[in-house]
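Readers should treat all values here as calculations from the given coordinates under stated rules, not as data from a laboratory. Note that the coordinates shown come from a computational prediction; the quantities given were computed from them, not determined experimentally. All Cβ positions, even for glycine, are placed from backbone atoms using ideal geometry, and neighbour counts span all protein chains on display.
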Amino acid sequence: MNFDEPVQGHLHWTDGEYVDGRKEVLKTIVILSVVTVVEVGIAIGYEKLANDAGKYKWVINLLMAIFSVIKVIYIMGTFMHLKHEKKGFILTVLLPFLFLVWAIIAFTVEGSSWQYMRTWLNAF
Amino acid sequence: MAAEATLHDDQQNDNELWQGGHSPFRLGYGKVMMWYFLISDTFTFASFLIAYAALRFTQGDMWPKAAEVFSSVPVPSVAKLLEKLGANPEKLPLVFVSFMTFLLIASSYTMVRAVQEGYRMNKWGVVKFLIPTIVCGILFILCQYFEWGHLIHSGMTPTSHSVATKVNNFGQLFFVITGFHGLHVTGGVILNIWLAVSSANGKFDKVGHYEMVEKLGLYWHFVDLVWVYVFLCFYLL
């Protein structure tokens, strides 16, 4: 860290930092591409996999969600430089997303409930 | 004093920084505000996608299958080329949209390289990596244009459904969410063009740093980030 420029942050890199940064970014783009290829592969074979797996369809869905989270971690961490920021800032950015955990659970449960009401009403 | 001297370097600097006059996050004001804007924008997209999840759950098994809806390559000239090569352009599920995804991933990579060249104060390096970013962005918008056209011709609009999409909800959600994302891409492309022109004119050499490249880089990565989830919801699951 160069403390001559504390107000603007770290905006000038040394040769060493530049070389390390390039390597890190190259590694990240390879990981992102591989994960995307695997995701698309699973999605194309989704019907067959889901039929073979039967009631374990949720495992495939969970796997897809995990792959997406991996991609987001790499994009935010490396590309958006978040993992090199100060801890307080990382928490400032990430903590608000805890609200979304509630929202996702609440609205998917609500959706299932609407579906139930719809089938129930159709009976009349 | 003795206790203070044993503090970790980083912590000690923290204490100094909190005394005012400096950013406690050791980041420029503009960069922090860009992050806050992106957090709020995340909530906008999240509410769209959560609405998608809720409406999808109300339809149960009626919800269309992605491999059936997005089964063809909608660009006429590319489709002709594929036919010549012996492939059926009507039966290539998810191939076209995977190409769109790779366009965004590739543009994210070139963008982060432009930011790194900015750290080195390398003016033409920044321009060199911004140009492929802009090209990928424009190609992405064109791909979306062809895909929308294809879907609208097949009968899917915000108020109606085609044979493959089965329910009206799918069209509504698809056009609103990918449209809003496309709007972000369009805005990003315009800002990136401005950025490349300003860099080439030496605007940031005069300022003394290339923080603006980093700020717009954050925005561009965010557009890629949102696409990860749009891709997951509409095409993968």
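What the table shows:
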| quantity | calculated |
| --- | --- |
| 222 nm mean residue ellipticity, helices alone, for chain B (DSSP H n ≥ 4; -39,500 (n - 2.57); rounded to 500) | -24500 deg cm²/dmol |
| Residue-averaged beta-carbon neighbours from other chains (10 angstrom radius) around B:228-235 | 4 |
| HN-Hα J in Hz across segment A:84-91 - Karplus 6.51, -1.76, 1.60, θ = phi - 60°, x for Gly and Pro | 9, 7, 6, 4, x, 6, 4, 5 |
| Kirkwood Rh and Cα Rg combined as Rg/Rh, segment A:19-124 | 1.12 |
| Helix B:211-231 vs. chain B, principal-axis angle (Cα, 0 to 90°, nearest 10) | 30 degrees |
| Assigned charges on the beta-carbon of Lys, Arg, Asp, Glu; chain B dipole about Cα centre (debye) | 780 debye |
| Inter-chain Cβ neighbour average for residues B:209-216, partner chain, 10 Å | 2 |
| Average beta carbon contacts from partner chains per residue of A:26-32, 10 Å cutoff | 3 |
| Unit charges on C-beta of K, R, D, E only; dipole of the protein assembly as shown, Debye | 980 debye |
| Rounded to whole Hz, the Karplus (6.51, -1.76, 1.60) HN-Hα couplings of segment B:118-126, x for glycine and proline | x, 4, 8, 6, 9, 3, 6, x, 4 |
| Distance histogram for chain B (every C-alpha pair counted, 10 angstrom bins, percent rounded to whole numbers) | 7, 25, 27, 20, 13, 6, 2, 1 |
| Potential extension, A:Ile73-A:Leu98 segment - 0.36 nm per residue separation minus Cα distance | 7.5 nm |
| Proximal lysines to B:Lys91, defined as alpha-carbon separation beneath 21 angstrom and excluding residues fewer than eight positions away on the same chain | A:Lys48, B:Lys65, B:Lys80, B:Lys166 |
| Phi-based couplings in Hz for segment B:96-104 (Karplus 6.51, -1.76, 1.60; Gly and Pro marked x) | 5, 6, 5, 4, 4, 4, 5, 4, 5 |
| FRET efficiency for B:Lys128 and A:Ala106, using Cβ-Cβ distance with R0 set to 35 Å, rounded to 0.05 | 0.15 |
| MRE, 222 nm, helices only [DSSP H, n ≥ 4, -39500 (n - 2.57), over chain A, to nearest 500] | -24500 deg cm²/dmol |
| Whole-angstrom gap from segment B:166-225 to segment B:47-103, using each part's C-alpha centre | 24 Å |
